[in-house]
Amino acid sequence: DLEQIPRWLFEIRRGIHQHLAEFRGMILDVIHYFMFLEMLWPEWLKTPGLDLDAQCNTMATRGIYGVRANIIWNDVEPQQGQFVWATSDLTIALAAKHGLRSEPVFLGGADWTRPGGVGNGHLNLPQPSLFANFMKAIVGRYGRGGSFWGEHPELPLLPIEQYEVWNEPNFQND
């Protein structure tokens with residue numbers, strides 16, 4: 001009925017206005033999620049001709065506020081208790097230099113955690129306590145009060161506050 005349409009539209013409009021703050025919050029959450037999807041891969045740091053400094057600058061100037069930074073356990077701790085921070089330091093520093101927050105994504109287990117010392121690229125751990133020790137080292141390096149920030153006072157202080165422990169947990173390794 002045509003006489004009912006304006007009333008119906010009015011009710012929708014009134015409902016939207018009543019929930020506008022809630023909708024606005026949901027929309028901002030979605031925007032923030034998508035503004036964080038850029039990713040830094042450690043191997044990109046070694047790619048000739050790829051200007052990651054310029055890429056990070058572009059992300060920052062276009063409103064991206066953070067990056068997912070892949071950290072590969074086997075690269076950081078190739079032997080139990082022996083940490084090689086060079087690549088992850090470069091990744092975190094590159095993001096921080098441009099005011100981008102880092103959210104590390106941990107990929108792969110350390111080969112030394114597996115029987116025979118051979119990795120398959122997943123976090124199928126025989127002893128989860130080994131991963132917990134690795135994470136303590138990461139937080140001690142890049143979290144609040146972490147040693148990395150003390151070593152790099154020239155960088156904006158952007159300690160890691162979020163960690164993605166396992167990406168795509170249902171992924172099957174063939």
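Each value in this text was obtained by applying a stated rule to the coordinates, not by laboratory testing. Fair warning: this is a prediction, and the values are worked out from it, not measured in the lab.
At-a-glance table
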| read-out | value |
| --- | --- |
| Built amide H within the under 5 Å cut-off of GLY66, gap 5+ | ARG101 |
| Residues whose placed amide H lies under 5 Å from that of GLY143, excluding near-sequence neighbours | ILE160 |
